[in-house]
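See below for the structure under consideration.
Every number in this text was worked out from the coordinates using simple rules, so none of it is lab data. It should be emphasised that the depicted structure is a prediction, and the values quoted were computed from it without experimental measurement. When we count neighbours, we look across all protein chains shown, and the Cβ atoms used for this are built from the backbone with ideal geometry, even at glycine.
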Amino acid sequence: MKKLVLIFLLFGAGAEISYAQDNKELQEMADQDQQARFSGNIDWTQLNREDSLRRERVLDLMKSDSLITGKDYFNAGIIFQHGTDTVASSLAVKCFGKAIEMDSSLNKWWYAAAVDRDLMRRGEPQIYGTQYIQNESTGGKLKQYKIDTTQMTDEDRIYYGVETLAQQREKERLMNLKSLGAFYASSGSIEETLQLITLEFDKGVEAEYNVREEAINSFGYQLLSQQKLQEAIQILELNTRLYPSGANTFDSLGEALRLDGRIEESIRAYSKSLELDPENENAKTAIREMGASTDPQ
């Protein structure tokens, strides 16, 4: 009988937690914290003041036991992480740790990043590998902050949503690659830019410019946004030649060709994208809108 009572009590406690409501005020503050950092033209003096007020309010909520759910602790961690001292960074670690302990579905990367940031502020090596700093001795290039690779395995890193050590080295390389948009802006020549992309692509990992498929595609859309349709088409066409198995490259080319009124060529590009990715609904819709069939021949 005692065993049944225990089971009932445990079930009841779990049910109470699962139905607890997230703190709306905390959610709003966390949303404000993130939105302020993606608004562009940030007034850092004003933002630092707002961050400080949010941290003070979260401390008040913690003192009144107003943090109930895992999401509450997660939102508190988001707010504390932007503090400027080890008190705030330590609280961020505790809050994110409590959050994923209560709700394992929450994004665990935030915990790993908070741990690394707290260690960095204390002058100690990070252990996951999430933090990068500008290296003044190399002209301001980004460099991974010192890391103790013995404390965590790559399996641990993957569990927390962090790149493996090899992926982190590649990430550092990619972050320091030069921009195609910057080269085009300085040269003013689409021909020189096309030549640069081809030469850099042939260099592989020795490339100085970011000529990955996604970067070239993004540059193509940058040109589209600048009303430089013909230049965009040239860039996107080159991208399909460099990355012939990329469904998205053909999709983007199809869009640009359609804007230029080159309907048959657009349909061919979209059809190739659909061949590479049969689930590409955007390509299916575009082809139908241009009066062609998406059925395989």
Notebook entry, point to check: Where does the chain land on Rg(C-alpha)/(2.2 N^0.38 Å)?
Noted result: 1.31
Margin query: I'd like the orientation of helix 247-259 relative to the chain: the angle between its Cα long axis and the longest Cα principal axis, in ° from 0 to 90, rounded to 10.
Written below: 60
Notebook entry, point to check: Could you give P(r) for segment 16-66, binned at 5 Å from zero, as whole percent values over all Cα-Cα pairs?
Noted result: 4, 17, 24, 20, 15, 10, 6, 3, 1
Item checked: Whole-number Å³ per residue for the convex hull built on Cα positions in segment 107-176 -> 84
Next item on the list: Count the net charge of all other residues whose Cβ sits under 12 Å from the Cβ of residue 172, scoring Lys and Arg as +1 and Asp and Glu as -1.
Entry: +3
Check: Given Cα pairs under 8 Å that are at least 6 residues apart, what percent is the relative contact order of the chain?
Finding: 8
Margin query: Bins of 5 Å, beginning at zero and ending with the bin holding the largest distance: percent of Cα pairs per bin for segment 45-155, please.
Written below: 2, 13, 18, 20, 20, 14, 8, 4, 1, 0
Margin query: Just want the ordering: 221, 184, from fewest to most Cβ atoms lying within 10 Å of their own Cβ.
Written below: 221, 184
Check: Hey, what did segment 171-296 get for relative contact order, percent, Cα under 8 Å, at least 6 apart?
Finding: 15
Note to self: Can you give me the long-range amide H partners of residue 135? Hydrogens built in the peptide plane at 1.01 Å from N, cutoff under 5 Å, separation of 5 or more residues or another chain.
What the structure shows: 140, 141, 142, 143
Check: Arranged from highest to lowest average of other beta-carbon atoms within 10 Å per residue, in what order do the peptides 266-272, 100-106, 55-61 appear?
Finding: 266-272, 55-61, 100-106
Item checked: Helix axis angle, 213-225 relative to the chain longest principal axis, alpha carbon, degrees -> 70
Item checked: Angle in degrees between helix 24-36 and the longest Cα principal axis of the chain, rounded to the nearest 10 -> 40
Notebook entry, point to check: For residue 202 and residue 132, what does the FRET efficiency come to when R0 = 41 Å and r is the distance between their Cβ atoms, rounded to the nearest 0.05?
Noted result: 0.90
Notebook entry, point to check: What is the extension gain from residue 289 to residue 275, computed as 0.36 nm multiplied by their sequence separation minus the C-alpha to C-alpha distance, in nm to one decimal?
Noted result: 3.3 nm
Margin query: Exceeding 28 Å between C-alpha atoms, which entries from my cross-link table qualify? They are 24/63; 108/272; 63/143.
Written below: 108/272; 63/143
Notebook entry, point to check: Regarding segment 219-297, what is the average projected area of its C-alpha convex hull, in nm²?
Noted result: 4.8
Notebook entry, point to check: Just how far, in whole angstrom, is segment 229-243 from segment 88-166 if you go by their alpha carbon centroids?
Noted result: 38
